[in-house]
Amino acid sequence: LAQGEVPTYPECAKKASADDLRAAKGAHEAASGFYDRADYDRAIRNWRDAYEFDCNAHRLLINIANAYEKKGDREAAVVTLEAYLKRVPS
C-alpha cells in the first residue's frame, strides 16, 4: 500500500490448507525480521501476505497495526485494529 492509503481487510471465508499455513509461517518470519530492522513497509507487506494465506490468523492484524504505528501511519493502524476487533470481539 502507498503511504496514506487506507488498508482493507475482506471477510475471511476459507480455511487455510497445509501449504497456506507453511507459506503464512514463512511470510510471518520474514516480516518479523524486517520489523526488527525497522523496515516497517516490508514487514507490513509480509504480514499482509501471511494474513492472505491464513485469514483466520487474526493476531497478525495486531502486528500489522504496530508496524503502521511505528512508521507513523496512525490512520492505517486504527483501521487495522478495528478490523481485528471486528473479527475478535472478545
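The values are calculated or read from the model by the stated rules, or taken from the named source; none is laboratory data. Source: prediction; values computed, not measured. Because the Cβ atoms are built from the backbone with ideal geometry, glycine has one as well, and the counts that use them run over all protein chains shown. SASA here: full protein model, heavy atoms, side chains in, ligands and nucleic acids out. Shrake-Rupley method; radii C 1.70, N 1.55, O 1.52, S 1.80 Å.
List of remarks:
- Hey, Arg42 surrounded by fewer than 17 Cβ atoms within 10 Å (Cβ to Cβ), part of a helix (DSSP H, G or I) and not aliphatic (A, V, I, L, M) or not: yes
- Of all residues in the range 11-37, those satisfying the criterion of being in contact (Cβ under 8 Å) with a residue 40 or more places away in the chain and not hydrophobic (A, V, I, L, M, F, W, C) are Lys14, Lys15.
- Count of the range 55-82 residues which are buried (at least 20 other Cβ atoms within 10 Å of the Cβ) and out of contact with any Cys (no Cβ under 9 Å at 6 or more places or on another chain): 10
- Filter result for the condition that a residue is touching a residue at least 24 places away in the same chain (Cβ under 8 Å) and aliphatic (A, V, I, L, M), over Ala77, Ala50: Ala50
- Residue match in the range 83-90 (condition: of a type in the set (Val, Ile, Thr) and surrounded by fewer than 16 Cβ atoms within 10 Å (Cβ to Cβ)): yes
- Residue within the range 19-35 that is open to solvent by less than 90 Å² (accessible area, probe 1.4 Å), assigned to a helix (DSSP H, G or I) and among the basic types (Lys, Arg) present: no
- Test: Ala23 is on the phi < 0 side of the Ramachandran plot and at pLDDT 95 or above: yes
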